[in-house]
Amino acid sequence: MHSRDHVHRVLDAALRVGSLLLSGNSGTADVAATMSAITGAYGLRHTQLDVTATTIILSVPRGVEGAPLTAMWHVEGRSLDYTRLHAVLDFAQQVADERPDLDWVHERIDELDSAPPPYHSWVSTVALGVMAASFSVLLGAGLVVVAIAAVTTSVIDRIGRFLAGRGLPLLFQQAVAGLVATGVTLSLDAVGKLPEGANPSLVVAANIVALMSGMAIVSSVQDSITGYYLTSVGRIMEIVLSMVGIFVGVGAALRIGAALHIDASVSPESVAGWLSVPVMVAAGAVGAAAAAVSSYAPARAAGAAGTAGALGALIYFGMMHLHAGNVASSFVAATAIGLAGAVVAHRFSVPPLVIVMSGIVPLVPGVTTYRGFVTLVDGHSAQGVGTLVVAAGTAVALAAGVVFGPLLAPVTRREIRQMRRLGAELGPRFDSRWSRVPTLAGIDLRRRHFTHHHRRR
């Protein structure tokens, strides 16, 4: 039996940690596992919880006088901060392992909640511009178009921050962003500032990738696979709303451009030839690393994300060269990124989620999405919807691959252990940290408190 005051304080600590993780785009299963680890550490073995996209409910049905006791926490939306996410996960692991005093726990949560980003927002803005420029390179753009994509994306980010600070809803933020992204590019084309032969669709596609980079596509698919359907639907609706906003903005700019007789055609997607593969791999690495920095990831996480981005770009363009298809290529590349993230995350002391979320950014279907928007605006509804379905399928393939990759990690870990034993016999030894396989969030599933409670549930 526990006192009511003790239970309330434990529930409050678990709820606040869960809200920090959920607002950082962690999967619901990882959020539930972390919260269960915290409550289990303080003796609450039979807690029940319910997580939606914006609300967490945690209840103790028995084991305390006057039970059940239920507490709820509303999760406020906030921008991605991978440094905070990593700090929260480390803190949660410490609480689950050491069971520190609750006064210190709540003080530490206050510090984590109010901690500023590790660097100025302008660094994030510049990183978004670099990410857009890298994506333009992946599409075969020239230097002038690459520079325009970088500057335009940076401007859009500053406008979005201004509008968000004024409380403008997400739908209208994305509509303004889509309008600016397309309008600026078409305007430059109309006044002849784009080089001859350059297609403005590459700039718009790069901007769309930047706008889609913060969406919780991976988490929504992970929630569906792990059985948290309500949370998945909530996150998917947020993604749909965001995409509708982009479509409204892009459509408005295209209509204005058409009235002014400005070309808004979409260049066909091209597969990189083998001679350009090194450039494509480098662009994937820089784009993924920049995506991590734009979400305030530490330097070591950006390096790991860059490696994952290079791996994904190499596999994707290699399979496209073999005519494997966009969806299949995306799935295989994302699976490799998810597997690599699960295996090496502890090596870099970062959550796997940071690596995989940033690593797949260069593979986001920006051109396909923009083509679908243009086709819809031109009045070809069936073809436009079909193109957007392909874009959605590619996005789902990316997310599914990232979730599927860690499932292959136990086999990889077993092979690594066998190689390590062989290495021990021959002389060189492998670092044991390479054989650890965490979840996407990074909580260690082998820990005593979580393992016991998870199996009971």
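Here are a few things to note about the model shown:
- Label separation (Trp104 vs Arg300): 2.3 nm, computed from points 7 Å beyond Cα along the C-beta direction.
- Percent carbon-and-sulfur accessible area, region 5-76, ignoring ligands, DNA and RNA, probe 1.4 Å: 50 percent
- Relative packing of peptides 172-178, 15-21 - highest average C-beta neighbours within 10 Å first: 15-21, 172-178
- Between Ile159 and Val327, the contour length at 0.36 nm per residue exceeds the Cα-Cα span by 57.2 nm.
- Of interest is the spacing of the C-alpha centroids, which for region 95-156 and region 338-353 amounts to 18 Å.
- Rounded percent of accessible protein surface that carbon and sulfur make up, region 304-350, 1.4 Å probe: 75 percent
- Carbon + sulfur, % of accessible area of region 208-264 - ligands and nucleic acids excluded, 1.4 Å: 72 percent
- Computed from the Cβ-Cβ distance with R0 of 22 Å, the FRET efficiency linking Ser381 to Ala258 stands at 0.85.
- In region 65-154, a dipole from Cβ-located charges (positive for Lys and Arg, negative for Asp and Glu) runs towards its positive end, and of Pro68, Phe91, Leu128 it is Leu128 whose Cα lies farthest in that direction.
- Judged by the mean number of other Cβ atoms found within 10 Å, the most tightly packed of the peptides 374-383, 79-88, 389-398 leads the ranking 79-88, 389-398, 374-383.
- Estimated at 0.36 nm per residue, the fully extended path between Val191 and Phe404 surpasses their Cα-Cα distance by 71.9 nm.
- In this structure region 1-130 gives 42 Å² per residue of accessible area when probed at 1.4 Å with all protein chains present.
The values are calculated or read from the model by the stated rules, or taken from the named source; none is laboratory data. Only a predicted model underlies this, so the values are computations on that prediction, with no experimental measurement involved. Cβ: placed from backbone, ideal geometry, glycine included. Neighbour counts: every protein chain shown. Side chains included, ligands, DNA and RNA excluded: accessible areas come from the protein's heavy atoms. Shrake-Rupley method; radii C 1.70, N 1.55, O 1.52, S 1.80 Å.
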